[in-house]
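I have placed the structure first, in the form of C-alpha cells, so that the comments after it can refer back to it.
Read the figures in this text as sums done on the coordinates, not as results from a lab. These numbers come from a predicted model, not from an experiment. FYI the Cβ positions are ideal-geometry reconstructions off the backbone, even for glycines, and counts take in every protein chain you see.
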Amino acid sequence: MSPLRTTVRNTQAGPVLTVAGDLDYNTADELRQVVTDLTLTPGQRLVLDLGRLDFCDSSGITTFIVARNHATAAQAGIVLVAVPAAVLRVLRVTGLDQVFPHEPGLDTRDRAAGG
C-alpha cells in the first residue's frame, strides 16, 4: 500500500494537481480537502495528473466528481491526464469518460510539442 501524495503546481491556465500512491476509502478525504482548498477562477482549467496513481477505488472516483463539481462551481474546466488503464476502464464502464475530458500524460504532450 502506497501512501497518497499530492502536489500542486500553479500555472497561468490553472492548477495542476499531481496525485500519487493509493487513492481509496482511507485517503479520499485527504484529496477532497486538497481539491476544495484550490482557488479556481472562471476560465481556468484544473488538471488532475494521475500518472503516478497506483490504485483507485470507488471513493477515489467519487473524489474526481467532487473535483469536477468544484471546478464547475468556479466556472472552470477540468481534465484528467495520464489516467491509468484500470481507472480509465472504470470511467468507461460508468460512462464518466463522457463527463471527464482525459488526455495523455503531461510529459508525453510536452515531447509531442517539441518541448
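Residue selection: residue 27 fails the criterion of being touching a helix residue (DSSP H, G or I) at 6+ places or on another chain (Cβ under 7 Å), within 15 Å of residue 53 (Cα to Cα), surrounded by 13 or more Cβ atoms within 10 Å (Cβ to Cβ) and not charged (D, E, K, R).
Within the stretch 1-23, residues that are charged (D, E, K, R) sit with their Cβ atoms under 6 Å from residues that are assigned to a strand (DSSP E or B), at 6+ positions apart or across chains, in these pairs: 5/20; 5/21; 9/16; 22/54; 22/55. Being more than 21 Å from residue 104 (Cα to Cα), part of a loop (DSSP other than H, G, I, E, B) and out of contact with any strand residue (DSSP E or B) (no Cβ under 7 Å at 6 or more places or on another chain) is the filter here; which residues of the stretch 1-28 pass it? Listed by number, the residues that qualify are 25, 26, 27.
Go through the stretch 29-59 residue by residue and tally those that are charged (D, E, K, R) and assigned to a strand (DSSP E or B). First the steps, then the outcome.
At the first step, the residues of the stretch 29-59 found to be charged (D, E, K, R) are 29-30, 32, 37, 45, 49, 52, 54, 57.
Of the ones still in play, those that are also assigned to a strand (DSSP E or B) are 45, 49, 52, 54.
Residues that pass the stated criteria total 4.
Within the stretch 30-56, the set of residues being under 19 Å from residue 82 (Cα atoms), of a type outside the set (Asp, Glu) and either buried (at least 18 other Cβ atoms within 10 Å of the Cβ) or within 12 Å of the chain's Cα centre (by Cα) (or both) comprises 31, 35, 45, 46, 47, 48, 50, 51, 52, 53, 56.
Number of residues in the stretch 29-41 that are out of contact with any strand residue (DSSP E or B) (no Cβ under 9 Å at 6 or more places or on another chain) and farther than 12 Å from residue 6 by Cβ: the value is 2.
Restricting attention to the stretch 82-97, the residues that are more than 16 Å from residue 54 (Cβ to Cβ) and not in a helix (DSSP H, G or I) total 1.
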